[in-house]
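One structure is given below, encoded as structure tokens.
The values are calculated or read from the model by the stated rules, or taken from the named source; none is laboratory data. Given the structure is predicted, the values throughout are model-derived calculations rather than measurements. Cβ atoms come from the backbone with ideal geometry, glycine included; neighbour counts cover every protein chain shown. The protein model used for the area step is the full one, side chains on, heavy atoms only, and it has no ligands, DNA or RNA in it. Shrake-Rupley method; radii C 1.70, N 1.55, O 1.52, S 1.80 Å.
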Amino acid sequence: KMKLEVNFSLDSDKRRLFEALKMLKQQPYIVTIEKKKDKRSLSANAYYWVLLSILEGETGQDKDSLHDYFKTKFLPARTVIFRQTGEEKQIQGSTSVLDSFNFMEYIDKVRAFAIQELDIYLPNPNE
């Protein structure tokens with residue numbers, strides 16, 4: 001399995017991609033091209049944990065439990081199949097795999113829940 005990040009506006013990246021393709025064995029392949037998504041930033045993650053700390057102070061619920069609760073509430077679970085046994089397990093969604101846009105949407109849901117369900121205002125990142 002090969003994964004290669006390529007900026008098609010750079011000739012050097014195009015050459016690197018072409019060289020990588022030339023090294024493949026002569027057999028059929030499936031090539032997928034995806035637009036790169038920005039991972040969530042460290043500052044966005046820090047902001048999220050500040051919000052959880054505020055909720056911890058207001059509710060008495062520890063922030064790790066709040067994090068688990070919100071993941072269960074707002075992130076879809078996924079099914080993982082263990083190839084050797086065929087066993088299927090439901091795995092809870094994770095904030096660590098969210099791109100920057102989806103992570104901010106998740107935070108917006110947490111903030112909306114706090115104000116609507118708990119009557120607790122959580123500040124915007126720039127406040």
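Values for this structure:
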item: With eigenvalues of the C-alpha gyration tensor scaled by 5 and rooted, the range 14-74, Å; result: 46, 14, 8
item: Unit charges on C-beta of K, R, D, E only; dipole of the chain, Debye; result: 1060
item: Area of Ser96 that stays accessible when all protein chains are in place (1.4 Å probe, Å², to 10); result: 80
item: Dipole magnitude (debye, nearest 20) for the range 16-79, charges at Cβ of Lys, Arg, Asp, Glu; result: 640
item: Chain lengthening between Gln116 and Lys89 when straightened (0.36 nm per residue, less Cα-Cα); result: 6.4 nm
item: Exposure rank, largest accessible area first [Thr95, Thr72; 1.4 Å]; result: Thr72, Thr95
item: Translational diffusion coefficient (Stokes-Einstein; Kirkwood radius from C-alpha pairs) of the chain at 37 °C, 0.692 mPa s, in µm²/s; result: 180
item: Where chymotrypsin sites (Phe, Trp or Tyr not before Pro) fall in DSSP loop in the range 63-125, at most 14 other Cβ within 10 Å; result: Phe82, Tyr121
item: Trypsin sites (Lys or Arg not before Pro) lying in DSSP loop within the range 1-83, provided at most 11 other Cβ fall within 10 Å; result: Lys1, Lys3, Lys25, Lys35, Lys36, Lys37, Arg83
item: Rounded percent of accessible protein surface that carbon and sulfur make up, the range 1-60, 1.4 Å probe; result: 56
item: Net length gained if the chain between Asn124 and Met2 were fully extended (0.36 nm per residue, minus Cα distance); result: 39.9 nm
item: Where the range 1-61 is the region considered: accessible area per residue in Å², 1.4 Å probe; result: 92
item: Projected label distance in nm at Ile54 and Lys39, using a 7 Å step from Cα toward the beta-carbon; result: 2.7
item: Heavy atoms of Met104 accessible to a 1.4 Å probe, total area in Å² rounded to 10; result: 60
item: Extended-chain gain in nm, criterion 0.36 nm per residue less alpha-carbon gap, Ile30 and Ser100; result: 22.4 nm
item: Exceeding the 23 Å Cα-Cα cut-off - candidates Lys35/Lys71; Lys14/Lys35; Lys3/Lys25; Lys3/Lys36; Lys25/Lys89; Lys39/Lys109; result: Lys35/Lys71; Lys25/Lys89
